[in-house]
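All remarks here apply to the structure that follows.
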Amino acid sequence: MATEQHQQSAQEVAALINNQIVNKIDFLQQFKAAVADHQDRRIYQLLDNQRYAKEIEHREQQSNNQSVMSLVDDLVDQLSHYLSVNLIDYLGKAYPFFYYEEYQTGHYRIYFGNWWDRREFGELDVLNVRFLFNQDEYAKLQKSFELVHENKRYNSDKIDKISQENDRLQDLIDHQREREERRAKLQDQLKEVSSHSGIWESSKNKESRQNIVDALQKLESEEQESRTAAQTIKDNEQVVLALSKENTILSYEQKSIIDTFGSFEDFELANRNLYASYLASLNDDEKQVNTDGE
Amino acid sequence: MANNQLTASPSKQVSLLADSLTTGLTLGQQYVQLLKQLAETESAAELLDAAQQLVTFDLDNVFVKFPQHYQPTDYYLLLMGRLLEMHSNTDFQIQEDLDHHDFYATISSLGDQVHFKFIIDANGTAQLIETQGQEALLYLNLKHKMLRFNNRALVNYFIIALQREYSDLDIRAAVKPLLAFAHALAADLDFVIDLGILDVNNDQHFALQQPTLSLTVIDRLFVATAEFDYMLLNLPQNNGAELRLDRGIKMDLQFDPDDYSQQWFFKVQDPDNQVSFFDLLLHYQLVRQWYLQQREALAVKSDPLLFADDQSSMAVTDDPVATEPTVICHPDGSVTPLDQE
């Protein structure tokens with residue numbers, strides 16, 4: 001009896017296995033056909049049926065069959081490379097300011113722009129049709145969009161501060177002669193005041209003597225600073241140039257986004273809808289061929 | 001000798017004098033003919049022939065003295081004026097300075113107060129100058145049939161000096177007759193012409209004077225573009241930058257990626273092949289300010305005309321351009337750097 005039961009369950013198991021294998025073969029055959037005909041939309045559906053049902057067919061709660069989908073897990077890099085051709089072609093029109101570098105098979109770095117100086121901006125996730133932006137770089141861009149309302153650029157405050165510092169240093173350099181004259185005068189005064197010092201020195205005299213000493217010390221420290229001021233100004237100018245370059249890069253990026261999307265918000269919306277928009281564009285392409293069988 | 005003179009018969013003496021006078025008069029006649037040819041011919045070749053003979057014509061004669069006559073520099077100016085006249089260009093007008101008995105030229109768009117003249121340098125090359133600025137705008141050598149514009153002077157005069165008083169359209173109009181003269185020399189008389197930064201050819205390279213270029217200089221242009229609507233792009237092979245201007249006009253500052261020496265040069269391209277680097281300096285404040293502020297680093301090469309077969313050319317040391325890399329132009333138009341000679 002036990003054996004019979006076991007046999008029965010063995011039959012069920014065999015059926016189950018058979019069923020699973022049929023499913024797997026079916027999946028692989030569909031996959032094979034889709035790849036052979038470059039039906040990218042179909043491939044995306046096979047790769048993530050749940051998302052496809054939700055975002056393209058608007059059918060909720062379609063679960064993914066992990067047991068078949070895991071069959072192509074070791075092919076993700078190759079699939080990514082394969083699917084990138086059409087995706088990057090599409091992105092070239094939808095996001096004309098992004099450039100991609102395949103640094104290893106199926107892995108793509110995003111560069112923002114082809115301008116004189118540009119930023120590496122994150123990675124392109126081909127299989128999930130999404131941008132993985134570098135969060136630090138993205139935050140800078142977001143911030144500079146916010147600053148537009150204040151009529152400022154990302155590094156405006158820093159540049160202003162350094163420019164003021166340079167003005168102050170230049171002033172020190174320009175007033176060297178006046179400092180020398182003032183010092184000579186103060187030293188004379190000090191001599192004069194010191195002659196009245198001694199054990200019976202009045203508190204008023206003491207105070208003015210201290211004032212003169214303080215003023216002389218201040219002059220001396222200014223003098224010391226002015227000796228290195230020229231070099232500091234030069235160094236600061238390099239820093240300002242670097243900050244201005246970053247400002248320029250960000251303004252190019254802002255300009256590109258506005259030219260293409262109208263606003264930063266619309267850019268972000270487009271990013272969120274990228275999967276649906278891209279697959280819809282593939283749908284259009286395939287209508288003419290209609291080898292989809294649906 | 002004294003003996004001979006004493007023994008010569010009076011009639012013989014008269015006859016000798018007459019012969020000498022005839023030689024002098026013939027000289028005068030030749031001179032007059034050449035002047036008429038210069039003033040009246042309708043053939044460019046005859047015009048050049050007359051000018052070429054006149055600039056070296058020696059009118060000195062012991063027996064026949066001719067009154068006030070013109071200087072070689074005047075013939076260059078007359079040649080230029082007449083050639084432009086043949087091409088119906090009326091913007092370049094020759095006037096006579098009655099006090100000095102010589103000629104000067106005016107250009108319509110610059111008014112009557114700006115005068116142009118030719119001078120002749122130590123190696124026999126004529127230079128067109130504006131009389132206040134004194135810098136050679138172009139070099140002209142009739143013997144070698146060559147004309148070359150002087151890039152540095154074009155910038156100093158038209159871009160810097162005139163910019164204060166004249167609109168860029170007036171300045172552009174002022175350059176036109178100079179260009180027309182060069183084109184007429186090339187078309188009618190087979191001159192080899194080097195238009196320098198006035199050249200509109202898209203393929204033309206304008207090499208920088210300095211052997212190296214700090215990328216900071218390009219950074220400054222990049223930063224400056226933020227205030228304008230133009231973008232500075234990186235060239236695909238990381239060999240320089242490209243400034244995108246209006247109507248498909250592009251200015252590259254680059255080196256040839258295959259060139260080991262990495263010689264930097266400017267290149268200006270536009271869909272109609274009509275825009276020169278000079279035009280960009282003139283019309284685009286962005287380009288002009290950047291170029292003039294970084295001129296030491298960005299100056300385009302500017303070579304005088306020197307000829308290998310002209311001995312005196314090697315000895316010129318007080319020429320203001322002599323400190324810049326000097327080249328020798330051969331009559332066939334090829335150019336050799338002097339330091340390889």
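The values are calculated or read from the model by the stated rules, or taken from the named source; none is laboratory data. Bear in mind the structure is a predicted one, so any value in this text is a computation, not a measurement. Note: ideal-geometry Cβ built from the backbone for every residue, glycine included; neighbour counts use all protein chains shown.
Tabulated values for the structure
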| read-out | value |
| --- | --- |
| Checking B:Pro236 against (1) touching a residue at least 24 places away in the same chain (Cβ under 8 Å); (2) within 13 Å of chain A (Cβ to nearest Cβ), the condition it does not meet | (1) |
| Some residue of region B:177-186 being farther than 23 Å from B:Thr90 by Cα and either surrounded by 21 or more Cβ atoms within 10 Å (Cβ to Cβ) or away from chain A (no Cβ under 14 Å) (or both) | no |
| Flag if B:Val192 is away from chain A (no Cβ under 14 Å), closer than 25 Å to B:Gly81 by Cβ and touching a Lys or Arg at 6+ places or on another chain (Cβ under 7 Å) | yes |
| Residue in region A:209-229 that is in contact with a strand residue (DSSP E or B) (Cβ under 8 Å, 6 or more places away or on another chain) and assigned to a helix (DSSP H, G or I) present | no |
| Residue match in region B:269-276 (condition: within 14 Å of chain A (Cβ to nearest Cβ) and not β-branched (Val, Ile, Thr)) | no |
| Qualifying residue in region B:285-307 (condition: in contact with a strand residue (DSSP E or B) (Cβ under 6 Å, 6 or more places away or on another chain) and within 14 Å of another protein chain (Cβ to nearest Cβ)) | no |
| Top-ranked residue in region A:147-184 [being exposed (fewer than 12 other Cβ atoms within 10 Å of the Cβ) and more than 41 Å from the chain's Cα centre (by Cα); ranked as nearest to A:Gln210 (Cα to Cα)] | A:Ala184 |
| Any hit, region A:87-107, residues being outside any loop (DSSP other than H, G, I, E, B), free of Cβ contacts under 8 Å to residues at least 60 places away in the same chain and closer than 20 Å to A:Thr248 by Cα | yes |
| Cβ-Cβ under 7 Å pairs, at least 6 apart or on other chains, region B:185-207 side in contact (Cβ under 8 Å) with a residue 24 or more places away in the chain and on the phi < 0 side of the Ramachandran plot, far side surrounded by 20 or more Cβ atoms within 10 Å (Cβ to Cβ) and part of a loop (DSSP other than H, G, I, E, B) | B:Leu185/B:Phe191; B:Ile197/B:Ser276; B:Leu198/B:Ser276; B:Asp199/B:Ser276; B:Val200/B:Val275; B:Val200/B:Ser276 |
| Filter result for the condition that a residue is buried (at least 17 other Cβ atoms within 10 Å of the Cβ) and in a helix (DSSP H, G or I), over A:Ser9, A:Ser67, A:Ser84 | A:Ser84 |
| Among residues of region B:208-233, those that are in a helix (DSSP H, G or I), in contact (Cβ under 8 Å) with a residue 12 or more places away in the chain, in contact with a helix residue (DSSP H, G or I) (Cβ under 9 Å, 6 or more places away or on another chain) and not hydroxyl-bearing (Ser, Thr, Tyr), counted | 5 |
| Of all residues making up region A:101-123, the number that are in contact with a Lys or Arg (Cβ under 9 Å, 6 or more places away or on another chain) and more than 14 Å from chain B (Cβ to nearest Cβ) | 5 |
| Unmet requirement for A:Asn128, which otherwise passes all of (1) within 14 Å of another protein chain (Cβ to nearest Cβ); (2) over 18 Å from the mean Cα position of the chain (by Cα); (3) in a loop (DSSP other than H, G, I, E, B) | (1) |
| Filter result for the condition that a residue is closer than 27 Å to A:Thr228 by Cβ and of a type outside the set (D, E, K, R), over A:Leu172, A:Leu147 | A:Leu172 |
| Flag if B:Gln210 is surrounded by fewer than 18 Cβ atoms within 10 Å (Cβ to Cβ) and either within 14 Å of chain A (Cβ to nearest Cβ) or among the hydroxyl-bearing types (Ser, Thr, Tyr) (or both) | no |
| Residue check for B:Asp199: among the acidic types (Asp, Glu), over 26 Å from B:Phe158 (Cα atoms), out of contact with any strand residue (DSSP E or B) (no Cβ under 6 Å at 6 or more places or on another chain) and modelled with pLDDT under 95 | no |
| Listing of helices (runs of 4 or more DSSP H) fully contained in region B:1-107 that carry 2 or more residues being surrounded by 12 or more Cβ atoms within 10 Å (Cβ to Cβ) and in the same structural domain as B:Pro177 (by TED's automatic domain parsing) | B:72-86 |
| Odd one out for B:Ser302, checked against (1) at pLDDT 90 or above; (2) touching a helix residue (DSSP H, G or I) at 6+ places or on another chain (Cβ under 7 Å); (3) among the small types (Gly, Ala, Ser) | (1) |
| Enumeration of residues in region B:272-291 that are outside any loop (DSSP other than H, G, I, E, B) and over 19 Å from B:Ala174 (Cβ atoms) | B:Gln285, B:Leu286, B:Val287, B:Gln289, B:Trp290, B:Tyr291 |
| Unique match (being charged (D, E, K, R) and surrounded by fewer than 16 Cβ atoms within 10 Å (Cβ to Cβ)) among B:Asp199, B:Asp270, B:Asp246, B:Asp279 | B:Asp246 |
| Residue that is surrounded by the most Cβ atoms within 10 Å (Cβ to Cβ), among those in region A:217-274 that are out of contact with any helix residue (DSSP H, G or I) (no Cβ under 8 Å at 6 or more places or on another chain), of a type in the set (Ser, Thr, Tyr) and facing chain B (nearest Cβ under 10 Å) | A:Tyr252 |
